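Asker: This is the structure I want to talk about, given as structure tokens.
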Amino acid sequence: MQEEELFRIGDALRRMCGEQNLTWVIEAVDAAAREGFTESVNPDSSAYPRGDDDSWPYPFSWQPAPRGRPQVEIRERAYTTQEEVLLLLDAMLAIYRDLPDLCAETIAVLRRGWEGRVPIPDSVVFIDPTPATTEFDSPFTFRRAELDRSTEFALEVETEEEQRRRQRVVDSLLALRGEVLR
């Protein structure tokens with residue numbers, strides 16, 4: 001994909017995040033992009049043991065790397081435009097694809113009460129970051145999901161239509177990600 005197309009896609013994704021009150025995602029992606037990309041030039045240089053290494057007799061001891069192993073060499077570089085767009089796409093996929101499933105699983109686990117080992121809670125509070133309008137405002141919005149003891153799920157369950165809409169967004173993001181990778 002051409003650099004200009006990548007810039008256009010990145011700008012469109014940023015506008016979409018802004019419209020959906022996901023500016024905190026943009027800020028996180030920008031922070032990661034400012035830090036840059038770090039990679040090990042020689043991955044076999046780690047001073048930590050491998051699973052098949054018998055030279056570590058104690059599970060929590062530290063020993064220096066053997067002399068035959070090369071020193072760690074790390075290279076840092078700026079993200080390319082393609083990598084920045086992919087970073088933003090992956091962050092959005094985490095929000096639209098993974099986070100709702102994580103919230104539902106958390107509610108299900110809490111609803112079961114870890115199989116009777118802890119009391120079942122009456123509600124679960126999810127904390128969503130929101131932009132503060134003044135310095136005294138909380139940077140978070142609290143969303144409470146009341147648990148219905150007669151069912152397995154919280155009262156705040158995503159409807160089928162909402163699930164279909166969210167899945168369309170996920171499918172579009174995955175298709176766009178595939179195009180960016182080409």
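Asker: Can you find, within segment 49-77, the residue that is modelled with the lowest pLDDT among those that are touching a Phe, Trp or Tyr at 6+ places or on another chain (Cβ under 7 Å) and assigned to a loop (DSSP other than H, G, I, E, B)?
Answerer: Checked segment 49-77; the qualifying residue modelled with the lowest pLDDT is 49.
Asker: Within segment 85-94, identify whether any single residue is at pLDDT 85 or above and assigned to a strand (DSSP E or B), and answer yes or no.
Answerer: Looking for residues that are at pLDDT 85 or above and assigned to a strand (DSSP E or B), one finds none in segment 85-94, hence no.
Asker: Take segment 1-15 and flag every residue that is in contact (Cβ under 8 Å) with a residue 60 or more places away in the chain and farther than 13 Å from residue 80 by Cα.
Answerer: The answer is 9, 13, 14.
Asker: Another question, then. So which residues in segment 98-109 are surrounded by 17 or more Cβ atoms within 10 Å (Cβ to Cβ) and under 16 Å from the mean Cα position of the chain (by Cα), if there are any at all?
Answerer: Selection gives 103 alone.
The values are calculated or read from the model by the stated rules, or taken from the named source; none is laboratory data. As the structure is a computational prediction, the values presented were derived from the model and not from experiment. As a convention, Cβ positions derive from the backbone with ideal geometry for all residues, glycine included, and neighbour counts pool all protein chains shown.
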